[in-house]
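Below is one structure; the comments refer to it alone.
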Amino acid sequence: MRSTRWLALLPLALLTALVAVPLSRLSTDGASALSLAFLSDPYYRWRLAWSLAQALATCGLALLFGLPIAWTLARFDFPGRRWLLRLLMLPFVMPTLVAAMGVLALFGPQGLTGIHGQDTPWLLLYGNLFYNLPLLVRSAQEGFARIPANRLMAARSLGATPWRVFWRVELPGAMPWICSALCLIFLYCFSAFGLALILGGQRYATVEVEIYTLVAYELNLSDASALALSVLAVASLVAFGYAWLERGLARPMRGQVAQRCVPSGWRQCALLALAVGLLVLLALAPLAAIAWRALWAGPAWRALADPEVWAALANTARFTALALGGACLFGLAHAFAARRSVLLGTLAFLPYAVSPVCVAFGLLLVYPRLSASLTLLIGAYTLLAYPFVARGMSATLDAVPAHLPQAARTLGASTWRVVWRVLLPIAAPALRRGMAFAAATALGEFAVTLFLSRPEWMTLTTLIYQRLGRPGALNQDSALVLSCLLMLLAMVAFVLIEWQREGDDDVAGR
Amino acid sequence: MLQVDKVSKRYDHQWLARDLSLTVGAGEIMALLGPSGCGKSTLLKLIAGLEPVEAGTIRFAGQDLARVPPEARHFALMFQDFALFPHLNVLDNVCFGLVERRTPKATARGQARAVLATVGLAGYDDRAVGALSGGEAQRVALARALVTAPRLLLLDEPFSSLDAHLRLSLQTEFRQRIRALGISALLVTHDRQEAFTMADRVALLYQGGIQQCDTPSALLAAPADPWVASFIGFDNVCDDWALPETALWLDAAGRSAHIETLTPLAEGIRLRLSQDGQCYTLHLSAREAAAWRTQLAPGADVGLVIDEAARIRFA
């Protein structure tokens, strides 16, 4: 399939124009501004240190809570297990604003719990866990589940207790999955913007928020560039580690996988209850809190009749549709071009690794004339959304045995007919899922919109942020109601993603 | 029909084919026999047009195939893993090639059902291919290849993933089916039994070249060199001669030979004997072994006759 490499030109052009050029501009600007004076400023030092610390702390907490949950889900069979695994997908598609609102609904000034967490680091950490615990659980669960049963039995027969088997066989076996999840968690938390902006307050905001403040309010571009450069340096290091790990995961494990058993005895039942309880508390409670609070926000529902809301909804729909088209085009081109190419495969991770704030800031620097143009905005949306399509598709395409297209060729199908009749049908579930993720990304996009948008292009996310900033309980409540609406829209993407999973599992089970 | 002329192909500096020439006649079944990893499958892909040839020409019915893409060659390649399309059911898999050749859907289905019936899979139309057994998947793959009436059938180790019992019955069945249709076929295998059972002629491939190509009986009667002789199953091969199994036997009247080792097998025993400083391997059937039992022990001496007239000398 060497003939499809030229397709790479399409995504490469996008990546060059929207990532490479802006970032190199940022680097040159940042490098010139990067002086000892900048690093010796205790304020910036604290920002950087806190960004690193909160990302590392989230990794640690996710590991602490996530490993037992993942192991339990991998080894025990219980009613509702499949549903729980599916629900774990929910935070992935939730916009950051919804998550932030959920955390506030629980621990905010008028939070349901009555615990007031604002201006403590805990709000941000809890928000981070909401997003990232499911990531670790899903990934580690898959790692544990793939360890061949024979290996576990061999360890037991060689004298290892179940606990020792966990340490010496299961954990090392699942390590690549766990490490790759940790890399992603670090990346997401380190470049978190939306959550940190709303939950961090004055003291516990991240570097990303600082960059936004410097650009949007203080017009201090040189310090912003220097900060952005340091963010990029750390993030790209971790991103390369992730891409490298991810490649290794493609290796199939041989042998029958271990059968899940029904928990027996009070210990196993207690472990299971603990795992499920933790999961619900950390990953689902914020969403439930939004729904609950919105239900009782009576008069605020009238906000939905506001033409401003309808305009925002229309914008969100328009941008999402355009971004989805772009994501399909660039994602498919990238996936077909990247088949069995490590370099191109790794490039698809680039948009994950760079923070939206840095990209948006770089775009402003490079294309000042386009700062409020629809092309640039949709380009940026596409950039953030298309890797979901590209990655899912290219993983599936790489897994298609070379013999299938070859067999189709000898049966009389031309290269394009092979794509149409063999590759696309096989990859269709991956394509649908990638598109649903892309749609969810576009739906919840916040950072880039804040930077590049015009007032009349208000989307649902920016509208929520705006309402949140206005005084008065009614505005707070209407932000909550709008978040609930956004949550419902994200649920649609979730249903689209999870609806078809059943069929996929059957195929994989064969 | 198929003429492979001085074809060369390398992978990482290793020659998989080097000035390799081969012809397959009309209606002939040819087997390409060689050790695992010697480039047999690659040769099939070269012929099918799935990999480019480095040098040499491949012709079919006089036409040079260099610029003919795989889909236009009208060959059918049957893969080792059958390569059934997982997203299509049995009937649609068999129809695949017909649809590509612009056969109307209804006609294609009719033909596909007919072929499925001849391979004994009538009524399997709607089955998912993932739910088929090895033998069934094998037949679907054959049906998918045959239904397009290919000019040449290429078979890549088609029986290697099946168990021994099924393999034997399918080999005979496949040979009869291909024969009945009069299709030329090129079969790649590392199993000499398979090659000898299925093929009219067998070509031995070693280090990128054809060592010898002949009918199975001619090969057995006159292997061209020591490698061929030992690969097709001769036990006693030296640098310049080989002994067929029928050329040596135990006889009390024979010259004395020393028993070096004695290995019991499922169907008899294997002896390693030495006579005049030369080692020989001799297989005894269970019946022979029983007759000789009292005299056979490691270290003992027995009489061994060697029929010098049957000794094959390499040129």
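The values are calculated or read from the model by the stated rules, or taken from the named source; none is laboratory data. Everything numeric here is computed off the predicted structure, so don't read it as measured data. Neighbour counts are summed over all protein chains in view; Cβ atoms, including those assigned to glycine, are modelled from backbone coordinates with ideal geometry. For accessibility, only protein heavy atoms count, side chains too; no ligands or nucleic acids. Shrake-Rupley method; radii C 1.70, N 1.55, O 1.52, S 1.80 Å.
Worth pointing out:
- On the basis of the beta-carbon distance and an R0 of 30 Å, A:A20 and A:A53 show a calculated FRET efficiency of 0.50.
- Carbon and sulfur %, accessible surface of the range B:2-226 computed with the full protein complex present, 1.4 Å: 49
- Length-normalised contact order for the range A:188-320 - Cα pairs under 8 Å, 6+ apart - percent: 11
- With the highest mean first, a sort of the peptides A:482-495, B:52-65 on other beta-carbon atoms found within 10 angstrom per residue produces A:482-495, B:52-65.
- Hydrophobic, long helices, defined as DSSP H runs whose alpha-carbon span along the helix axis is 24 Å or greater and whose mean Kyte-Doolittle value is at least -1.0, occur in chain A at A:42-75, A:122-146, A:171-190, A:221-248, A:307-337, A:374-399, A:424-444, A:473-499.
- Extension gain, A:V257-A:V280: 0.36 nm per intervening residue step, less the Cα-Cα distance, totals 5.5 nm.
- Protection-proxy order for peptides A:277-285, A:182-190, each taking the mean of Cβ atoms within 10 Å per residue, highest first: A:182-190, A:277-285
- Solvent-accessible area buried by pairing A with B, both sides, nearest 100 square angstrom, 1.4 angstrom probe: 2000
- Calculated FRET value between B:H13 and B:S160, using beta carbons and R₀ = 30 Å, to 0.05: 0.65
- With every protein chain in place, chain A: carbon and sulfur % of accessible area (1.4 Å): 68
- Averaged over the residues of peptide B:143-149, the number of Cβ atoms from other protein chains lying within 10 Å of each residue's Cβ is 1.
- Using alpha carbons only: equivalent-ellipsoid semi-axes of the range B:2-226, gyration tensor based, whole Å: 29, 20, 15
- Burial of 50 Å² or greater, the range B:60-105 residues [accessible area, probe 1.4 Å, versus chain by itself]: B:E71, B:F79, B:F85, B:H87, B:F96, B:E100
- Potential lengthening of the chain between B:Q278 and B:D200 amounts to 24.5 nm, from the contour at 0.36 nm per residue minus the alpha-carbon distance.
- C-alpha center-to-center spacing [the range A:287-361, the range A:126-196] in angstrom: 28
- Other-chain or far-sequence residues with amide H under 5 Å of B:L186's (modelled H): B:M30, B:L153, B:L154, B:L155
- Within the accessible surface of the range B:236-313, defined with a 1.4 Å probe on protein heavy atoms only, the carbon and sulfur portion equals 50 percent.
- Simple spin-label estimate for B:M1 and A:R302 in nanometres, 7 Å along Cα-Cβ: 8.6
- Angle in degrees between helix B:134-146 and the longest Cα principal axis of chain B, rounded to the nearest 10: 60
- Given R0 = 25 Å, the distance between the Cβ atoms of B:A131 and A:R417 translates into a calculated FRET efficiency of 0.40.
- Full extension of the chain segment joining B:A266 with B:V68 gains 66.2 nm, where the gain is 0.36 nm per residue of separation less the Cα-Cα distance.
- Where Rh is the Kirkwood radius over Cα pairs, Rg/Rh for the protein assembly as shown: 1.09
- Heavy atoms of the protein chains alone define the surface here; on that basis the range B:2-226 has 41 Å² accessible area per residue at 1.4 Å probe size.
- Principal-axis tilt of helix B:105-118 within chain B, Cα atoms, nearest 10 degrees: 20
- Considering only beta bridges that DSSP places wholly inside the protein assembly as shown, some 70 percent are antiparallel.
- The alpha-carbon of B:K40 sits under 30 angstrom from the alpha-carbons of these lysines, leaving out residues fewer than 8 places away in its chain: B:K6, B:K9.
- Within the range A:383-430, the residues that become at least 40 Å² less accessible when every protein chain is included than when their own chain is isolated (1.4 Å probe; DNA, RNA and ligands ignored) are A:H403, A:L404, A:Q406, A:A407, A:R409, A:T410, A:L411, A:G412, A:R421.
- In the context of the full set of protein chains, chain A has a per residue accessible area of 43 Å² (1.4 Å probe).
- Per residue accessible area in Å² of the range B:236-313, where ligands, DNA and RNA are left out and the probe is 1.4 Å: 57
- Among A:261-270, A:445-454, B:227-236, the order from most to least packed when residues are scored by Cβ within 10 Å on average: A:445-454, B:227-236, A:261-270
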